[in-house]
Each structure stands twice: as structure tokens, then as C-alpha cells.
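Read the structure below first, then the notes.
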Amino acid sequence: MTEKKLIATDYHRETSYRRHQLAPHTLNWAHQPMPIKRYPDLPRVPLDRSAKLPAIDYVDLINRRRAFDSKRLRTLDIQKISSVFSLTYNITARAMHADQPFYYRSVASAGALYPFELYLAVHCARGMDPGVYHYHLFDFSLTTLRRGPVPEIPPVGHVAAATFYITGIFFRSAWKYRSRAYRYVLLDAGHLLENLRMALGALELSFSIHLDFDDQRAATLLGLNPQREVCLACVHLHDGRPRQKKPEASHDLKPLAADILQASTVSDQEVAYADILTVHRAGNSVSTAFSEAFPKLLMGGHDPSSWIDLKVPDHVESIDYAHLLWQRRSRRNFIPMSDSMDGFTTFVGLMARHLRAASRMPLPCRSAIAIGFLIGTGMPIPPGVYLLDPKAQRLGCVLDGRLSEPMAAACLDQMWLKHAAVHLLLMTDLPALDRNWGPRGYRYAMIEAGRIGQQAYLAATASGWGVCGIGAIYDREAASLLGLAADGALLYLVGAGPVKAC
């Protein structure tokens, strides 16, 4: 790809998989990326493993529509912060594979590569000094990167007691997926962002999510090497106090030491893929444009031919959220079988409830994705492709027929996928992203797709179904199967359905 200011359409097209045209690639196991950043000479603050997690019903949690609420105030302290980390990103089980330990985690990740990192800036929290910290998953601790007051990035109208930052390390994914890895880094950031959003809701903390901020300033704050690691999302925790004066844009922010920036290097033989660096830098500037328009995807050249009301039950069996999170796994041993209307409605209904509630979030990304379901045989509604109208809680049929097997073939011939009861389809109009938000729009769409995908993992687990996300797609083949326009794209597919008993 030539060195130019890439847009979403360019990057997505250039990194598309094409049947019979995949270049061979061997993984360099001797130089596999480290699973965690290392700061060997910096002090750590232990988090409180004994912090009690709230007993919160999953269905009640996804129905909550507010994020920032000045009337819902909670004092922030080390116990609350520990609970946020525990519910956001934690180890849920340990197993041995090929004589090596493997740690199951509460967040889904493409190829189990976990390219994201989590940071915390403390502004005002009881029991913690102001500063910037990096979360160490395996030790359940925070490494101190900065001491003293730090700026709120991005500045907002209400005072932030603390800010979480989600970053992505390119080579953790690029080691396997090469230039295409930027897609998975963004999807995985969305997975983690959704867990963080759910954790803050469960703890009844007021927060605001931000995808627009000064990229370079965030990198300087966190001590990132922007050639290797970048900030992708910021989440402020608010204490309800309105800001008395406009924050100073020129807050003194000195670069951190070179050995801290070196921690963004996770292998001694890294490859920097120019396509990834170029498309990310192209989105460094934030567009002032904003669109509430839902992507108009012409599927099969038709609007929905008919609508089916989901009839989501008002009362769903109580499900403890923390327990559900610990049970989340990627399980793909799907079995072809009929399922009752109750089982189908539980999964699709939980997703519709979540999406209806999430539509209240003030984020540009929520209008960047069109959501559909490919329904297989044995379900209580006819097989085909349906678009979801989350506000009206209904499905609109756009394509009839048995499409599970050809879609499995379009997903790099992963034929086990044909037995999934449902394929959640997360789609977008690439030129519309560019028109509305410029190159940064691609970040919005992929992060939002990952956020919804993580929720699908939880909803499927709550339904007693297996679930597995798929980003490996023959892109144009899948788009053509769905009848998408020339630059319409299936960004992410999540298969869900009954699985073999363990």
C-alpha cells in the first residue's frame, strides 16, 4: 500500500482476505509477544482482592440507560477501584496446554492474543495518591508511572475523580494477523470497553466514555511509544461536581523516562506494519462532524419485507452478573438441533434489550453499526437474514433461505460455524464512516462492533448457549452473500447456539 492518508475504505479493502489469495505465514513462536507489560523497577500498589463484588442481576444491569448521573454519587476509594478492575479484566480459570499454563480471562480476544492494556489516572480517590498507574493483570496490582496531579484527558464539563484508559499494542495481534491486525486491536478494545462499562454500572458509578481526545497527549500521559502502542478509549469517573472554570489546555505534562516507553515493546523481534501505523495516524485528528443517522445498508436491494416482534418477556430469570462473567468462554462445538422460542428469544431478546438501552449513550460509534442476525434451521422463525430494530424490539427479514453453510464457508471455511443457531452480524457502510467522521470513524465502528460482540458473549452464556466471535472473513464473499453494497462490510460475526455438553 502506498504511503498516503488512508481512509476506512482503503484500509479495509487492502487488508481484506480473498479466497485462494492468502499469503502463507508461519508464526515465530520463539519471539511470541509477552502477555503483559513489564516495568521491573517501578513500585506497585496492591489492589484489594477481598473487595466484595456487588450482587447485581445481569438483566437489570443491561436495562440501565444512564452513564453519567450527577445524583448518583459514590465516594471513590481503593476498594471501589479494585472492584472495577476485578469486574473489567480478570483471570477466571487456569489450564495447561502443551505443557504451558493458559489463563482464561473475562474478556474475549481474537486469537487469545489480548493486545489491550488498562491504565488508571487518579485525580481524587480515598486511599490512593494522585498519579498514573498501569494495571498488572496477573499480580492484581497497579504500577506507578507518574506521581502527583495530572490533567484530565479529554477535558469535560464535570470533574473526574479518576480516568481509565484503554490502549492497544499493535504487535501482540500483528504477530499473527500482520497488517489486518488493526481490525482486531480495535475489536478487542471494544470487548474490554464493554466490560468496563458494565463494571461501572454494576458499582453504580457515574461515568462518561470518550473516543475523541488528543492522541499524542494521551500517549505522553501514559508513557506510550506511539509506534507500538496507542490510546483508544478514555472513561472518566465523575464525582458530580461541575467544573468551576475551563480546564487549562496547556497543563505541564513532561514525557516519561525512556525505559517506561520501552515497555511498549513486547518482543525482541517486532515487525512494524506500515498499513497499521498509517491508518491509525490518519485518524489522529477528531472530526467535528457528527451523525445520528443509522447506516443505510441495502441488503439484497430491499428493505425488510416483513417484521417479527420479538415479544421479549418482561421477567427473565435472575442471573448474577459476576458469576456470569466468570463463566464466559469461547465455545464453538455447536450442535444442529431445534431450540424453543424461549431459548431463541432469551438470546436475541437480551441483545435487543442491551442495544435499546445503549442507544442512549452519547457516542458517535453507536450510529456506525447496523445489526443483523442470520438465523439457521431449527429455530422458531424461518431461516434467513434479519435486521434488528432495537427500539421497536423487532426483526425485519431481508433475505430468505438457508445461509448458515455458505456463511461458514465465507468465514475461511470454518465449517463448524454452520451448526450455530444464530450468527450475529455487525456491519457498516465504509464510505459513510469516512463522510461522517473521517478516518477516525473506522475506530468508532470497530470498537463499537467489539463492544456489542462482548455483550453477545454474555447474552449467549446467560442463555445457556455457546458463543464464538469471528473476524477471519473472506470480506467481499461475505458481503456479497448478504447482498451488501460495493463498500458495505461485515466487520464482525458472532456465532451462538446450543453446544455439546462438556
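The values are calculated or read from the model by the stated rules, or taken from the named source; none is laboratory data. A quick note: this is a predicted structure, and the numbers were derived from the prediction, not measured. Here the Cβ positions follow ideal geometry from the backbone for every residue, glycine too, while neighbour counts run over all protein chains shown. Just so you know, the surface numbers come from the protein's heavy atoms only, side chains and all, with ligands and any DNA or RNA stripped out. Shrake-Rupley method; radii C 1.70, N 1.55, O 1.52, S 1.80 Å.
Laid out as a table, the results:
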quantity	calculated
Accessible area of the chain divided out per residue, in Å², using a probe of 1.4 angstrom	41 Å²
Heavy-atom accessible area ranking, 1.4 Å probe, most first, across TRP29, TRP175	TRP29, TRP175
Cβ crowding within 10 Å averaged over residues, with 484-495, 275-286 ranked highest first	484-495, 275-286
Sulfur and carbon atoms: percent of accessible area, the range 38-154 [1.4 Å]	49 percent
Among GLN454, LEU493, ALA55 - extreme Cα towards positive end, dipole of the chain, charges at beta-carbon	ALA55
Protection proxy ranking, peptides 191-203, 153-165, 325-337, average beta carbon neighbours within 10 Å, highest first	191-203, 153-165, 325-337
For SER106, distant residues with modelled amide H under 5 Å away	ASN90, THR92
Candidate aspartates and glutamates for bridging to LYS391, where Cα separation is under 12 Å - those fewer than 8 sequence places away on the same chain excluded	ASP309
About the Cα centre, charge dipole magnitude for the chain (Lys/Arg +1, Asp/Glu -1 at Cβ), debye	500 debye
Contact order normalised by residue count of the chain, Cα under 8 Å, 6+ apart, percent	19 percent
Net charge, GLY131 excluded, C-beta distance under 12 Å - Lys, Arg +1, Asp, Glu -1	+1
Hz values of 3J(HN,Hα) by residue in the range 170-178 - Karplus curve (6.51, -1.76, 1.60), Gly and Pro given as x	4, 6, 4, 8, 5, 3, 9, 9, 6
Residue-level accessible surface for ASP41, protein heavy atoms, 1.4 Å, Å²	130 Å²
3J(HN,Hα) from dihedral phi, the range 258-268, Karplus parametrisation 6.51/-1.76/1.60, rounded to Hz, x for glycine, proline	4, 5, 6, 4, 5, 5, 6, 8, 10, 8, 7
Protection proxy ranking of 13-25, 87-99 - average other beta-carbon atoms within 10 Å, highest first	87-99, 13-25
Note, ³J(HN,Hα) from phi for the range 434-444, Karplus 6.51, -1.76, 1.60, rounded to Hz, x at Gly and Pro	5, 5, 7, 10, x, x, 5, x, 5, 4, 3
Amide H partners (placed H, <5 Å) of ALA370, local residues excluded	MET427, THR428
Heavy-atom accessible area order for ARG217, ARG183, largest first, 1.4 Å probe	ARG217, ARG183
Across LYS52/LYS500; LYS418/LYS500; LYS176/LYS254, pairs whose alpha-carbon gap is larger than 25 Å	LYS52/LYS500; LYS176/LYS254
Rg followed by Dmax, in Å, when the chain is reduced to its Cα trace	21.8, 63
When the range 357-458 is reduced to its Cα atoms, the Kirkwood hydrodynamic radius in Å	14.9 Å
Environment charge of LEU192, counting only residues whose C-beta is closer than 12 Å and scoring Lys/Arg +1, Asp/Glu -1	0
Cα long-axis angle, helix 341-358 against the chain (0 to 90 degrees, to the nearest 10)	40 degrees
Placed amide H near ILE56: partners under 5 Å, 5+ positions off or other chain	TYR321, ALA322
The range 364-447 - percent of accessible surface contributed by carbon and sulfur, probe 1.4 Å	51 percent
